[in-house]
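Here is the structure we will look at, set down as structure tokens.
Please treat every number below as a calculation from the coordinates, not as lab data. Computed from a predicted model, the values in this text were never measured in an experiment. Note that we place each Cβ from the backbone using ideal geometry, even for glycine, and neighbour counts take in every protein chain shown.
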Amino acid sequence: MTNLGLIQVYTGNGKGKTTASLGLAFRACGHGLKVCMIQFMKNSTEYGEVKISNYLPGFKLIQVGRNDFVDLENPEDIDKKLAQDGWEVAKSILMSSEFDIIILDEINVAMACKLLNVNKVIDFLTRDCDSLEKRPEIILTGRYAPPEIIAVAHLVTEMQEIRHNYSEGIEARQGIEF
């Protein structure tokens, strides 16, 4: 097995960040790796990944947000509390050595709108996780990845929107966007 333990970032204004991380999870589970996805700022049983998560051996999904859009300019106190509580869950899972890959879905957005402190996240990912005998691969998704996160990542992919069906009035579609 290849060495794990790198930090990957999927960011940008284009569609596909969560989808890319789910593709990686699907591939990893196919090779017998254990994957945990922690979804910040999301809490809906209508997402396809939630519906299938119990059927994919080696895959665990935890949602730590609420089922409402967060006002990124002026987040509510509940959004900050849920993000902080979710970060505590994520830290515990990161330190558990139970999973080979940990996906922190939408954490970039949570940091960008100040629900989580970027420097504390970086310190934990680069210092505290380095003490682990078996360091997991860590995937951070979401728009607005802070420059400090990009600087410490080993792989950064930016999804760039060229055209999106939303601009043509086509709403989010079950099985495609969620």
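At a threshold of 8 angstrom on Cα-Cα distance, excluding pairs fewer than six apart, so keeping six or more, what relative contact order does the chain reach in percent?
After rounding, I find 37 percent.
Nearest 500 deg cm²/dmol is fine: what mean residue ellipticity at 222 nm does the chain get from its DSSP H runs of n ≥ 4 alone, each adding -39,500 (n - 2.57), divided by its residue count?
Values: 6 runs with 57 residues, N = 178.
Using -39500 (n - 2.57) per qualifying helix, the result is -9000 deg cm²/dmol.
Could you list, in their original order, any pairs among Lys81/Lys134; Lys80/Lys134; Lys17/Lys120 whose Cα atoms are separated by more than 28 Å? Walk me through the numbers before you get to the answer.
On the way: Lys81/Lys134 30 Å; Lys80/Lys134 30 Å; Lys17/Lys120 23 Å.
In this structure, Lys81/Lys134; Lys80/Lys134 exceed 28 Å between Cα atoms.
Cut-off is 10 Å between beta-carbons; in what order do Phe178, Phe59, Phe69 appear when sorted fewest neighbours first? Please report the intermediate quantities before stating the final value.
Values: Phe178 14, Phe59 23, Phe69 8.
If I rank by nearby Cβ atoms, fewest first, I get Phe69, Phe178, Phe59.
May I ask you to evaluate 6.51 cos²θ - 1.76 cosθ + 1.60, the Karplus curve with θ = phi - 60°, for each residue of region 159-166 and list the ³J(HN,Hα) values in order in whole Hz, giving x for glycine and proline?
Rounded to whole hertz, the list is 7, 10, 6, 9, 8, 9, 4, 4.
Output wanted: per-residue J couplings in Hz (rounded whole) for region 64-70, from phi through Karplus 6.51 cos²θ - 1.76 cosθ + 1.60, θ = phi - 60°, x for Gly and Pro.
10, x, 10, 8, 9, 6, 8
Within a Cβ distance under 15 Å of Ala110, other residues only, what is the Lys/Arg minus Asp/Glu net charge? If you can, show how the numbers build up before the last one.
Working: positive: Lys17, Lys42, Arg66, Lys80, Lys81, Lys91, Lys114, Lys120, Arg143; negative: Asp68, Asp71, Glu73, Glu76, Asp77, Asp79, Asp85, Glu88, Asp105, Glu106, Glu148.
Once positives and negatives cancel, what remains is -2.
Please report Ser131, Ser21 as a ranked list, fewest other C-beta atoms within 10 angstrom at the top and most at the bottom.
Working: Ser131 8, Ser21 23.
Fewest-to-most ranking of Ser131, Ser21: Ser131, Ser21.
Which length gain, in nm to one decimal place, applies between Glu73 and Asp130 when the Cα-Cα distance is subtracted from 0.36 nm times their residue separation?
Numbers: separation 57, 0.36 × 57 = 20.52 nm, distance 3.36 nm.
Answer, rounded to one decimal: 17.2 nm.
Which entry in (i) 24, 20, 16; (ii) 26, 20, 14; (iii) 34, 19, 14 matches semi-axes √(5λ) of the Cα gyration tensor in Å derived from the coordinates of this structure?
After the calculation, the listed value that fits is (i).
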